[in-house]
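To keep things clear, I will list the structure first and then write my remarks on it.
The values are calculated or read from the model by the stated rules, or taken from the named source; none is laboratory data. In this text the structure is predicted, and so the values were computed from the model without any measurement. Methodologically, a virtual Cβ is constructed for each residue, glycine included, from the backbone with ideal geometry; neighbour enumeration extends over all protein chains shown.
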Amino acid sequence: MKKVLAYLVMGTALTLVGCSFDKKHPRPETSVLEKLPFVYKMTVQQGNIVTEEMVDRLEPGMTKSQVRFLLGTPMLTDLFHTNRWDYTYTIRRGHDEMAITRLILLFENNSLAQVHGDLRPDPKRAARRRPADLLVSVPDWQDDRGLFATAISKLNLEPVE
């Protein structure tokens, strides 16, 4: 009788423990120490970095190759909707909440038709951004030839090839 009762208790316990696990939505195991503010959590960023300057350069009528050159390869391309490109960027800094930026581009006949999402082209913002003058300074030439080449040039001898 004791064996039957022991098997019954063990079977009930295993059944209850087995039902308590949710296989579809497993809970991530976190440590108590992970929630402390002085514990370092690495910054994690994923996706395409798309800036306001890049979006301001978008113009209606641009081809897919021009947009790809400007923004990079889209993060999501759907086989069933080839005229829709999704650019998604997520960043999670330490203990902060995850920030998500989305940009959706719609094409018609291989040309850009519509822009949706968190970032939109703004002509006024683009006009305020002046292109910086590009100034390149070229240093003067310095004689950095080796000892042998300098001696030959001083003696006015031509090197044998």
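Here is how the numbers come out for the structure above:
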| read-out | value |
| --- | --- |
| Leading residue by the ranking (modelled with the lowest pLDDT) among those in the range 5-51 that are assigned to a loop (DSSP other than H, G, I, E, B) and of a type in the set (Val, Ile, Thr) | Thr30 |
| Which listed residue is assigned to a loop (DSSP other than H, G, I, E, B), out of contact with any Ser or Thr (no Cβ under 7 Å at 6 or more places or on another chain) and either surrounded by 11 or more Cβ atoms within 10 Å (Cβ to Cβ) or of a type in the set (Gly, Ala, Ser) (or both), from Arg145, Arg68 | Arg145 |
| Residue that is surrounded by the most Cβ atoms within 10 Å (Cβ to Cβ), among those in the range 107-126 that are in contact (Cβ under 8 Å) with a residue 24 or more places away in the chain, assigned to a loop (DSSP other than H, G, I, E, B) and not acidic (Asp, Glu) | Leu119 |
| Single residue of the range 75-87 satisfying the filter (modelled with pLDDT of 90 or more and under 15 Å from the mean Cα position of the chain (by Cα)) that is surrounded by the most Cβ atoms within 10 Å (Cβ to Cβ) | Tyr87 |
| Sole residue being under 16 Å from Pro60 (Cβ atoms) and touching a Phe, Trp or Tyr at 6+ places or on another chain (Cβ under 6 Å), chosen from Leu103, Leu112 | Leu103 |
| Sole exception among (1) within 22 Å of Glu59 (Cβ to Cβ); (2) part of a strand (DSSP E or B) for Thr90, by number | (1) |
| Candidate set from the range 93-106 (those that are surrounded by 12 or more Cβ atoms within 10 Å (Cβ to Cβ) and not in a strand (DSSP E or B)); member that is modelled with the lowest pLDDT | His95 |
